[in-house]
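> Below is the structure I would like to discuss, written out as structure tokens.
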Amino acid sequence: AFDGKRERGTIPPGETEGEALLAVYAPDQQEVIAQGRIDPDHGEIPAAKTVLQEVDLQGKVVVGDALHAQRDLSEQVVKAGGDYLWTIKENQPNTYHAIELLFTTPDPVKDGLDFQTAHKVNKGHGRIDERTLTSSNLLNKYLDWPSVHQVFRLERNFSFRRKGQVGRIEHFVHYGLTSLPRTMADAAQLMSFKRKYWQIETVL
């Protein structure tokens, strides 16, 4: 998992922003295994290409947010022997809308064909976290994306409880794609990879 973070205590006098680093985090080891400076004039995307060159990606799954869902970075990961799993948003409009359309348009012909779903509920800290991930490989030959083998829709519902009563419900839907074929990662495993990625948000 990798993400950019602004370092505390690095704001020069008279400036509003401090130094930013892009960190590569191994969730299973719970440690940062590589990091590099983010050039403020160029942003996180070129920094990711540079930092990932320092990491042995053979047999690894690289998970990043929508900013890093880039074709050339996908090719870099696969050529290094790894696999990618990206969130897709509207910074990749054609890809995003194709995936969204697949999962939101009713079609009696495709119903039940090549869709796999995993569902999980976690409780704790005064909330119920319900997650449902549905994956498909129906777009593999359609999408203009290197080495794509699955697309997915992840739906998350948070129910916040207070004194035994549900006080607030939050609903989120995310789309994504991966080079991992289903023989290597089914819907439940994709959901696990996404959950591990969120550790970088809380640990770093």
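> Pull up all non-local amide H partners of HIS149: gap of 5 or more, or a different chain, and H-to-H distance under 5 Å with H placed in the peptide plane.
Under 5 Å from the amide H of HIS149 lie the amide H atoms of THR178, SER179, LEU180, each far enough along the sequence or on another chain.
> Here is a further query. So, by mean Cβ neighbours within 10 angstrom, what's the order for 187-193, 168-174 with the highest one leading?
Working: 187-193: 19.1, 168-174: 11.6.
Ranking the peptides 187-193, 168-174 by packing returns 187-193, 168-174.
> Taking a 18 Å limit on the Cα-Cα distance, which of the listed pairs LYS120/LYS194; LYS5/LYS49; LYS5/LYS60; LYS79/LYS141 fall beyond it? Walk me through the intermediate numbers first.
Values: LYS120/LYS194 13 Å; LYS5/LYS49 16 Å; LYS5/LYS60 22 Å; LYS79/LYS141 20 Å.
In this structure, LYS5/LYS60; LYS79/LYS141 lie more than 18 Å apart at Cα.
> Further question: Pull out the extension gain between THR105 and ASN140, defined as 0.36 nm times the separation in residues minus the alpha carbon to alpha carbon distance; nm, one decimal.
Values: separation 35, 0.36 × 35 = 12.60 nm, distance 1.77 nm.
Difference between extended and current length: 10.8 nm.
Laboratory data are not the source of any read-out in this text; all were calculated from the coordinates shown. Worth saying up front: this structure is predicted, and the values here are computed from it rather than measured. Don't worry about glycine lacking a Cβ; one is built from the backbone with ideal geometry, like all the others, and counts go over all protein chains shown.
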